[in-house]
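The values are calculated or read from the model by the stated rules, or taken from the named source; none is laboratory data. Given the structure is predicted, the values throughout are model-derived calculations rather than measurements. No Cβ is skipped: glycine too gets one built from the backbone with ideal geometry, and neighbour counts run over all protein chains shown. All accessible areas refer to the heavy atoms of the entire protein, side chains included, with ligands and DNA or RNA removed. Shrake-Rupley method; radii C 1.70, N 1.55, O 1.52, S 1.80 Å.
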Amino acid sequence: MASEQQPTLVVRVALQPVWNQIEPLQGYVLAASNVHVPTLSERTGIVVQELLENAVKYGDPGRSIDFWLQIPSGRRGVDLSVSNHAHPRRVALLQQEFEAFGPNPKDTLARAMQRLPRLPQGVSMLGLARIMNEAAITLKVDGRLVTVNAAIQ
Amino acid sequence: MHTEGDSVDRMVQLRFRPLWLYVDEVREFCGFFARATFRDEEIGQRVGIVVHELVENAIRYGDEKELELLLERSGARVLISVANTTSDERVDTLRAYLATLTELPPDQAYARALQNAASLPETQSGLGLARIRCEGQFDLELHATPGRVRMTATGAA
Amino acid sequence: MSRLAAISALAEQSFGIAVDGQVVRFTGTLSIRNPSEVVTPFLRRVHDAATRDGLKQLTVDIMQLRFMNSSSIRSLVDWVEWIRREPEGKRYVLDFLTRPDVLWQKTTLTAIQSLGGEQVVVRRGQ
C-alpha cells in the first residue's frame, strides 16, 4: 500500500446487475473524481453511467458486473473498465457496433441519432456513441465475457 | 467472525487519500450498495454506520497518506475493513482501547462510552468503535504491521 | 420575547438546527469534523436560553436528521450533562422525536435516555 506510484484513487466494485446500484456508484465516482480531476469529472460521470446502464440492460441478469476505475498518480486522466457476461447475440451486436464506429466520434453520434426512428420504442443504442465522445474506448470479448475499457483525458 | 471454509467475495474495494470530504460519499455509497445487494434496509443502515465510523477514525487518526476500504461477503457474514497508514503509537493506543471496549457486551460498552464522553476533551467523543459494535452489530478485530493498521468489522447480513 | 425565540437557526451546508417555539429541529446529515466548534456552542446557547426562560420541556425533533456521526452524538451527551448539572428547579426534559425506521436514532437515543434518566424522553414520530 505504501508505494510512491500508488494510484490516487481506486474503485473496484462487483455489483449486481440491478438498476438501483448505478446511481450510488456513479455518485461516489463523480464526487471522488471531482476532488482529483475536476475538469474530467463530468465526462467520467457520463461514461460510468452509460457503461453501467448497458451492462445492466444487456448483461446476464444472474451474473455480477465488475467495475474498475483508477485515477493514476502523476498524470491527469481517468481509466475505467466495465466487464459483464452477456448472451452471444448481445456480444455479437456489441462487436458490430464497435466495428461500425468511424474515426470521428461526433459523426458516429450523429449517425446513431439518425437511426433512432428506425429502432423499437425504448431502444436508443446511443450509449456507446455517446461514450466515444467522452473517452477512448476499446472492447475485449472472451466468450460471453465482455469488457469495455475507457480512458478519459 | 465468518466460518473457516466460507469463501470471501470481495464486493467493493476503494482506495483513496484519507480526506474528510470523502466520508459522507463513501458512507452513502456503501450503505446503498449493501441495501441493494442484500435487499434489506437494515443491513444498508448498519453498513453505513460501520463504514462511516471506521473511515472517520482512519482520517482523524491516520497520517493522511493512504486508506483502503474493503466490503466483502463470506457466507452470511459481511466484512468491512479499513486499512490505513499510521504511527505505531496510535496502533498501541487503539489496541489498548479495543481491549477495554470488548470487555463488555456491545450495548453496555456503548452506554459506558456515552457516560465517559463528557469527561473527554471537547474534540473527542470516544464513541465510534463502541457504536460500531452496538448500533452496527459488528464485531471488531485489529491487525497491525509496522506503520499500518487494519480494522475489520464483521457482522451478520 | 423569549430568549429561546431569539436564537437564529444554524444553517450549514449539510445540516441545520432551528428553534421553532419549544421545538429544536435538526435536519440533514450531521457528520462534520468538529461539531464541538459548531454544534456544541449552538446547543449551549439553546440550553442557556431554555433555563433562563424557565422551560420544563424542550422537544428535539430529529425526524429529518438522516445521519449523525459519533462526534456529533457527543454534543447531545454534553447537552444532557448540562441539564443534569443544573439545580433541580432549573432542569428541563429533552423530549426526542425520532423516526422508527432509522436504526441509529433508535439505538443511540435509547442509550442517551439511559444516560439522562428522567431528563430524557424518546418518542417515535409518525
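Per-structure values
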read-out	value
Residues of segment A:61-75 satisfying the condition of being at pLDDT 90 or above, open to solvent by 40 Å² or more (accessible area, probe 1.4 Å) and more than 20 Å from B:R10 (Cβ to Cβ)	A:P61
Subset tally (residues that are touching a helix residue (DSSP H, G or I) at 6+ places or on another chain (Cβ under 7 Å) and assigned to a strand (DSSP E or B)) for segment B:1-51	4
Exclusive hit being farther than 19 Å from C:L115 by Cβ and either without any contact (Cβ under 8 Å) to a residue 60 or more places away in the chain or in contact with a Pro (Cβ under 8 Å, 6 or more places away or on another chain) (or both), set C:D95, C:D101, C:D61	C:D101
Breaking point among (1) in a loop (DSSP other than H, G, I, E, B); (2) touching a Ser or Thr at 6+ places or on another chain (Cβ under 9 Å); (3) not small (G, A, S), for A:V35	(1)
Residue within segment B:100-107 that is among the acidic types (D, E), open to solvent by 40 Å² or more (accessible area, probe 1.4 Å) and farther than 24 Å from B:R17 by Cα present	yes
Condition broken by B:V78, with the remaining ones in (1) open to solvent by 60 Å² or more (accessible area, probe 1.4 Å); (2) within 24 Å of B:C30 (Cβ to Cβ) satisfied	(1)
Among residues of segment B:112-157, those that are under 27 Å from C:L115 (Cα atoms) and charged (D, E, K, R), counted	6
Failed item in (1) within 14 Å of chain B (Cβ to nearest Cβ); (2) in contact (Cβ under 8 Å) with a residue 12 or more places away in the chain; (3) farther than 16 Å from B:R15 by Cα; (4) not basic (K, R), with A:I46 passing the rest	(1)
Residues located in segment B:20-59, provided they are open to solvent by 20 Å² or more (accessible area, probe 1.4 Å) and either under 16 Å from the mean Cα position of the chain (by Cα) or facing another protein chain (nearest Cβ under 7 Å) (or both)	B:W20, B:L21, B:D24, B:E25, B:E28, B:F32, B:E42, B:Q45, B:N57
Those helices (runs of 4 or more DSSP H) lying entirely in segment C:24-121 with at least 1 residues basic (K, R) and either within 10 Å of chain B (Cβ to nearest Cβ) or open to solvent by less than 10 Å² (accessible area, probe 1.4 Å) (or both)	C:70-85, C:103-116
Residue in segment B:117-140 that is more than 16 Å from the chain's Cα centre (by Cα) and surrounded by 21 or more Cβ atoms within 10 Å (Cβ to Cβ) present	yes
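Here's the yes/no breakdown for (1) within 15 Å of the chain's Cα centre (by Cα); (2) outside any helix (DSSP H, G or I); (3) under 20 Å from B:F32 (Cβ atoms):
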residue: A:Q6; (1), (2), (3): no, yes, no
residue: A:I22; (1), (2), (3): yes, no, yes
residue: A:L30; (1), (2), (3): yes, no, yes
residue: A:T39; (1), (2), (3): no, yes, no
residue: A:V48; (1), (2), (3): yes, no, yes
residue: A:L52; (1), (2), (3): yes, no, yes
residue: A:P61; (1), (2), (3): no, yes, yes
residue: A:F67; (1), (2), (3): yes, yes, yes
residue: A:R75; (1), (2), (3): no, yes, no
